[in-house]
Amino acid sequence: MLKRLICFLSVLFIVFSFSPSPLPAFEPSPEDRVLLNKIEKDTFQYFTRFSDKITGLTKDSSRTGSPSSVAATGFAIAAYAIGGSRGWIAQDYAYARILTTLQTLRHKAAHKQGFFYHFLDVRTGNRVWGSEASSIDTALAVAGALLAARYYPGTEVEKLAREIYGRVRWKWMMNNSDFICMGWTPESKFLPYYWDSYNELMILVALAVGSSTSPVPPKTWERWLRPEGNYNNHRVIYASTGSLFTYQFSHAYIDFRKLDDQGINFFENSREATLANREYSMSFSSQCKGYSESSWGLSASVGPGGYKAYGGKPGGGLQDGTIAPYATLSSIVFTPEFSIKAIRFFYDNYQKELYGNFGFKDAFNLDKQWWASEYLGIDQGITLLMLENYLNGEVVWKKFMELPAIKKWIGLTGLERRSASTAKN
Amino acid sequence: MVQNRRKHFFINKPLQIRFMIAVIVPLFLINLVALAGVYFGIWSKVLETFSNEQTLNDLVTASRMVEYEQARHPVASQNFSSLSFFMQTEKLSQRQREVFKGILNETNRSLLWKFSLLLFFLGWGTIFISHKVAGPFFRFSKAFHEIEKGNYRSRVTLRKLDEGHPVAQEFNEAMKKTDHLLSDLKTLTLEKDAPQAVAKIKEKLSTVQTSADA
């Protein structure tokens, strides 16, 4: 009897140890849930409206004359898969759109060693604006493609997604260094910047380590710097800008809740960073009209003076009163109670100026009476994926974590093993 | 002419400087206001147009490309610059500001030497004009000094472009008459027939009115 009890308890322990911890306990009201679903659906429309019907490439911004961004295109692929599964567009249509986009990426889009150029001509897929073959933007495109592959297994979509991923020479982008280079241009060759410190790099390094065709050494994961800072008793492994998006992009696809990295849980880290970011902006509430406990969100966005890497502390802490609602929305998996309160506040108070056909516009600044007139593709993408994780049973995480590449990355870097040992302790 | 060429620009320095200030300061202020008005007017219009118009989308896109990079690799915040004078730049992006700063600096450089040239000509012009006025004053003053010393042969000789030629001519005529009168009187004092000389002197002086005449 005792043996059976011990056995039963052991099984229970193992099951709870390895199953992801639930999202922070907070249940939105039915009204809030309706609003969040509306925002997600409206945000999704950006990708159907601003993606080219022939190539599938998605514009970087809703602004006239904007080129396509390969990262936004990656988000669009993920968005179509989500839109199809949610019934916002027909499954056939979603599949066709994904297929078109993947065929463009596979056969037409300009690339170097599999790395797509950051900005492409929407119609031709040619490199524009002298942009670099970008490692992070390629990773975001590949992540979107691999997610779509999970929605349509055993199809042409999966085949193309694998080919696009398999074609990327991740090791080449290391340029014989310890880190992955940020990019390469035909004119200057490798850029002098490397992914060597914490930010949105985790999705990139995960895919690079998990590659079956050109993997980077697992040590590449361990080597990047994890600088630790403190703001208002929130201890955070922080990104240099302190921008919220750096704590979100990797988390759109990867479920870090049970992944322990050298004693760090990056899900908890993002939650702490989000709380610190909110409190940092609140500390300026006497100087900036826009900041309050219901109005926060410092992240890279357009602003009255152009696109800037706004952020909190720890980190650069650049702020001028500009708030990026996409960042508040995308924090929903980390801080649902604060995010939903802020979203409701934005929607109820600034709907006329800030909300459009495609959800929340990129940013606003009350001090300068400035309201963004545009939407940015990547900001729309992160919003959509985070809302989908929050509202629809963490479906993106579940599908993405099942990818062989992700399993390989976890296995090679020992993240899961550490998770188990931590749980036992 | 060569004889009359002046060796010094400043003949009567205090007078000339006062004259220069009286001329150059208003001229300078008028020029400055006009130049600043044109300069700020043009640039404000250009920047305002740029800020409001979507027609320059390509420039905005090009700026955005750079801003994306700058957001990834933040640079130190910009300090005070010539653009700080323009309110219209508040809503321009960092990259757009850099572009305009370059244009503005180029314009400033171009305007600077033109402005310096203008100042030079203005300075030269006022010295030239003041010289035309101060020169005659100097000549008159010198002539009066000579007369005071008893030299009635002194005459005022002005340059061709000097002001006050009619006055100088009248002065010289008057001096000539006085000189001749005094010369005649001096000659008469040398005559041996004293009573006749006195009568002649009296005759000569009868046309002259002085403070001795009651």
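The values are calculated or read from the model by the stated rules, or taken from the named source; none is laboratory data. Bear in mind that the values here come from a model prediction, so they are computed numbers and not experimental data. We place every Cβ from the backbone using ideal geometry, glycine too, and count neighbours over all the protein chains shown.
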Can you find a residue that is in the same structural domain as residue B:29 (by TED's automatic domain parsing), within 30 Å of residue B:40 (Cα to Cα) and either at pLDDT 80 or above or of a type outside the set (A, V, I, L, M) (or both) anywhere in segment B:126-133?
yes
Of (1) in contact (Cβ under 8 Å) with a residue 60 or more places away in the chain; (2) surrounded by fewer than 20 Cβ atoms within 10 Å (Cβ to Cβ); (3) acidic (Asp, Glu), residue A:362 satisfies all except one. Which?
(2)
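Of everything in segment A:50-65 that's buried (at least 22 other Cβ atoms within 10 Å of the Cβ) and either at negative phi or within 14 Å of chain B (Cβ to nearest Cβ) (or both), which residue is farthest from the chain's Cα centre (by Cα)?
Looking only at segment A:50-65, we keep the residues that are buried (at least 22 other Cβ atoms within 10 Å of the Cβ), and these are A:50-51, A:55-61.
Narrowing the set further to residues that are either at negative phi or within 14 Å of chain B (Cβ to nearest Cβ) (or both) leaves A:50-51, A:55, A:57-61.
Details: A:50: 19, A:51: 19, A:55: 23, A:57: 18, A:58: 16, A:59: 17, A:60: 15, A:61: 17 Å.
So the residue we want is A:55.
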I'm told residue A:93 meets every condition in (1) aromatic (Phe, Trp, Tyr); (2) touching a residue at least 24 places away in the same chain (Cβ under 8 Å); (3) away from chain B (no Cβ under 14 Å) except one. Can you identify the failing condition by its number?
(2)
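Restricting to segment A:316-347, and then to whatever is within 14 Å of chain B (Cβ to nearest Cβ) and within 19 Å of the chain's Cα centre (by Cα), can you tell me which residue is surrounded by the most Cβ atoms within 10 Å (Cβ to Cβ)? Reasoning before the result, please.
Of the residues in segment A:316-347, the ones within 14 Å of chain B (Cβ to nearest Cβ) are A:316-322, A:324, A:327.
Retained after the next criterion (residues that are within 19 Å of the chain's Cα centre (by Cα)): A:324, A:327.
Details: A:324: 28, A:327: 30.
Checking each candidate, the answer is A:327.
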Do you know which residues across segment A:25-49 are under 19 Å from the mean Cα position of the chain (by Cα) and not polar (S, T, N, Q)?
A:36, A:39, A:40, A:41, A:42, A:44, A:46, A:47
Looking at the structure I just gave you, is residue A:154 over 19 Å from residue A:210 (Cβ atoms) and within 21 Å of the chain's Cα centre (by Cα)?
no
Output yes when any residue across segment A:127-136 is without any contact (Cβ under 8 Å) to a residue 60 or more places away in the chain, surrounded by fewer than 21 Cβ atoms within 10 Å (Cβ to Cβ) and touching a Cys at 6+ places or on another chain (Cβ under 8 Å), and no when none is.
no
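Answer yes or no as to whether residue B:153 is in contact (Cβ under 8 Å) with a residue 60 or more places away in the chain and part of a loop (DSSP other than H, G, I, E, B). Full working, then the answer.
On the way: in contact (Cβ under 8 Å) with a residue 60 or more places away in the chain: no; part of a loop (DSSP other than H, G, I, E, B): yes.
No; evaluated as a whole, the condition is false for this residue.
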Within segment A:366-400, which residues are among the aromatic types (Phe, Trp, Tyr), part of a helix (DSSP H, G or I) and either over 12 Å from the mean Cα position of the chain (by Cα) or buried (at least 24 other Cβ atoms within 10 Å of the Cβ) (or both)?
A:390, A:400
Across segment A:194-235, what is the number of residues that are over 18 Å from residue A:266 (Cα atoms), in a loop (DSSP other than H, G, I, E, B) and under 21 Å from the mean Cα position of the chain (by Cα)?
1
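Does residue B:60 satisfy the criteria of being aliphatic (A, V, I, L, M) and at pLDDT below 75? Write out each step before concluding.
Details: aliphatic (A, V, I, L, M): yes; at pLDDT below 75: no.
No.
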